[in-house]
Structures are given as structure tokens and as C-alpha cells.
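Colleague: Have a look at this one.
The values are calculated or read from the model by the stated rules, or taken from the named source; none is laboratory data. Everything numeric in this text was worked out from a predicted model, so none of it was measured. Cβ coordinates were reconstructed from backbone atoms using ideal geometry, including for glycine residues, and neighbour counts include every protein chain displayed. Accessible surface is based on the protein model in full, side chains and every heavy atom, while ligands, DNA and RNA are left aside. Shrake-Rupley method; radii C 1.70, N 1.55, O 1.52, S 1.80 Å.
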Amino acid sequence: MSFKTDMFIMTGKGTPEDSVDKYKRDNRGKDLDKEWTYQEVWDELFSSGNVLPKPLTEAHRVVIVDADDVAYRIAAACDKRSVVATIRGEKLEFDNKTKLKQFCEDVYFDFDTLDYENKVVSEDISFCLNTVKHTIKNMYRDINATHVVFFLGGSDNFRLKLPLPIKYKSNRKSSRKPTHLKAIREYLNKYYQTYIIKDVEADDCCVGITQHIINNTDAYAITYQRDKDFLQALTKNRYYHSVTGEITELSGGLGKLYLEGNNVKGQGLSWLLLQTMLGDATDGYSPKQFFNVRYADKSYYRQFKDYDKEKDLLLAWVEQWKSLLPEVIEYTTWEGVEVKYDWLELANLFFKLPYMMMHPEDTTTFTDILERYEVNYEK
């Protein structure tokens, strides 16, 4: 089956010739270079009346889209990657490096002495853009949406400036971006209701705007995404998994921890605290380098899975956190600055990484969470 056929089966009914897109907007005059602050986009959505109706009623179904995920997923699907190597005079191509290594083992060839190259063959951009259009069509159809708003990450994310040992998401620098990623982002921005966000992540806006509509209006709202950070919402929220199509209702509050296969998952405060203590390898941060003993997901799960009150969970969390750390934590930041933190200062630092801002003026810290639930603590 060809890639072209594959993509249209994956994204819904349609053919490459089906180019009419009634969901495009008339964006003539739009400043395509503009990056919006969280406050600017909040005002645009909830005060201006230019995008969402005032008031939002039961008749409205709003989809807030993590467009970074959509763009990356479609662009990556347009690239066929392989590994090419010459072994004993014969040029061979493999789907990936793992299969090349396995072949070397099978034919008793030393992989470490092998020169190989990564090969990328990209489909024509027109197929990618057709997939974008059909994906958006499916958003309207599957969720019965009346309004769909897209968010793309821009510049100056505050997390990139935090005084961490290793810069936030610096582990992704060496990763090759899909060939048509930039073109898809530009297409979304030019033809749809799209905002490029600066100073915060697009995820912050997706989480905060969705929860605001759910908790403060009569409209139905849902975020279209697949980021596990969304699960730590502390208020009622909802998301549509962009791959599986499953809708998850989040109740907020304490939440829970659970096992999914061999992986620890969670929701609410329970999940947010796990992310704070153990970090996130995907985003390249972890406080575990400061721990005085080995402590990982399964240990955390066994220790914290049964708490049924926020205050009790937080008291136990603080006790465990303090026991894992030296009295003073000293290190050199990624910018070369020497710092000294106590346990609470380090907790406040690492809390900022997973915590999603619920609104533009949200300055919630770990200390605020402790005080919200009346947890007495000593520095």
C-alpha cells in the first residue's frame, strides 16, 4: 500500500483531489510573524468576541488543539527513515539501527567497525497538507465541534531560563526534525485559527483555556492532544487523545496513581507530585541526580498509591523528599552559576517544570500547594 493511500486511511475518508476545506478561515491581513503572550490570547478568546462567542453556551463545543503535536506527528509520518551500510562489499538498507545491529550479529560482523548513514526520503508536501486538512475535518466531525483553536509553541519559554543543572529540553537538540514540520506549522498559522505562543508553552494555554471553559461556562470544551502532563490538572478538565480517539474526563484534586502495564501513570495532584519528584526524561530534567539513594517510579508508586487525602499525601511527600536529599544541595547551573538550595527551594524549582499554568497570572508554587492544604513544614 502506498504512503498516500496509507495517510488517507489513517486520517479519515477522502481522496487527494478532495481539496475543498470549509474549515479554513479568511486570514487575510493576519500578522503571520506575531507571537502571542498567554494574556493576549486569553483576552482574544474570552473578551474580544472575535473568536469565541460571548457568552459561551450549551450550544458551543470548543476544541483546543495542541498543534505542535499534530504538526510533528503528520510531518514525521511523511518521512521514511532508514539506515544504509556497506557490509562486506554489499550496500544494504535497514529500517533502523536496531535491525542493522541484529543483522551484524547474525552474520558475525563487528558493528562497532561499521560506517553507516541515516537516510530520509520525504513524501511530497502536498500529501502532508492534505492530511492536515483531513485531520482537522475529523476533529469537527468526531467531536461535533463548533469552534477549533490551534496553539503552536513560539519563543522565550520561561522554563528554558530556569537555573537547572541541564537546560530544559536540551536533550532534544540532536534530534532531527521532520522535513515538512516547518511547512505544516506555517500552513496552520496561515489558514486556520492559530496562535503562536511565547513565554510559556502551548500546553499551558491548552490546559488553562480548556479548564476555564469547562469550569466557568456552559459550553463543552476539550483539548486535542496526547501529552501526559495534561493529566496533572488540579481542576476539572477533559482531553481527546489525538491518536487513540479516547476521551478522558479529569476530576482534578487528589487524582490517583495506577499501573498501565509496567508503567506508572496518574492523574491530578498525585501525578503532578510524581513528576516533580522523579522528573521527565522526555523533557530532559530530573532531581534524581541529587538523591542519596536509588529511587524510581515503582518505589514511588508503592509508597504513595493509597493516599486518599491531599494533606496526608503532601505530608508524606515532603518527608520522603527531604530524606532523599542532602541538607544543602549545591550544583552549577547550565549557565555556569553556582547555586545552593534547601529542600523547599529545590522542590519549588522542579515543581515549575511539570506544572501547567491555569491562567495568565498563575504563579502557583510548591509552597502555595502546601499552604493551600494547610501542610505545616519546617525548612
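Colleague: Can you pull out every residue in the range 109-135 that is exposed (fewer than 11 other Cβ atoms within 10 Å of the Cβ) and in a helix (DSSP H, G or I)?
Modeller: Within the range 109-135, Asp112, Thr113 qualify.
Colleague: While we're here: If Val339 passes every condition in (1) more than 25 Å from Val207 (Cβ to Cβ); (2) surrounded by 17 or more Cβ atoms within 10 Å (Cβ to Cβ); (3) β-branched (Val, Ile, Thr) but one, which one does it miss?
Modeller: All conditions pass for Val339, except number (2).
Colleague: Could you pull out the residue among Arg73, Arg81 that is outside any loop (DSSP other than H, G, I, E, B), open to solvent by 70 Å² or more (accessible area, probe 1.4 Å) and out of contact with any helix residue (DSSP H, G or I) (no Cβ under 7 Å at 6 or more places or on another chain)?
Modeller: Working: Arg73 fails: open to solvent by 70 Å² or more (accessible area, probe 1.4 Å).
Result: Arg81 is the single residue among Arg73, Arg81 that is outside any loop (DSSP other than H, G, I, E, B), open to solvent by 70 Å² or more (accessible area, probe 1.4 Å) and out of contact with any helix residue (DSSP H, G or I) (no Cβ under 7 Å at 6 or more places or on another chain).
Colleague: What number of residues within the range 88-108 are open to solvent by 50 Å² or more (accessible area, probe 1.4 Å) and not acidic (Asp, Glu)?
Modeller: Result for the range 88-108: 11.
Colleague: Here's another thing I want to ask about it. Listed residues Thr367, Thr363; which is part of a helix (DSSP H, G or I), modelled with pLDDT of 95 or more, out of contact with any Phe, Trp or Tyr (no Cβ under 7 Å at 6 or more places or on another chain) and within 26 Å of Lys228 (Cβ to Cβ)?
Modeller: Numbers: Thr363 fails: part of a helix (DSSP H, G or I).
After ruling out the rest, the residue left standing is Thr367.
Colleague: Given the options Glu246, Glu260, name the one that is under 30 Å from His147 (Cα atoms), open to solvent by 30 Å² or more (accessible area, probe 1.4 Å) and without any contact (Cβ under 8 Å) to a residue 12 or more places away in the chain. Quick ask: steps written out before the conclusion?
Modeller: Details: Glu260 fails: under 30 Å from His147 (Cα atoms).
Of the residues listed, the single one that is under 30 Å from His147 (Cα atoms), open to solvent by 30 Å² or more (accessible area, probe 1.4 Å) and without any contact (Cβ under 8 Å) to a residue 12 or more places away in the chain is Glu246.
Colleague: Follow-up. Tell me, yes or no, whether the range 282-292 has at least one residue that is open to solvent by 10 Å² or more (accessible area, probe 1.4 Å), more than 30 Å from Lys161 (Cβ to Cβ) and not β-branched (Val, Ile, Thr).
Modeller: no
Colleague: Is it the case, given these coordinates, that Tyr192 is surrounded by fewer than 21 Cβ atoms within 10 Å (Cβ to Cβ), within 20 Å of Val70 (Cβ to Cβ) and over 18 Å from the mean Cα position of the chain (by Cα)?
Modeller: yes
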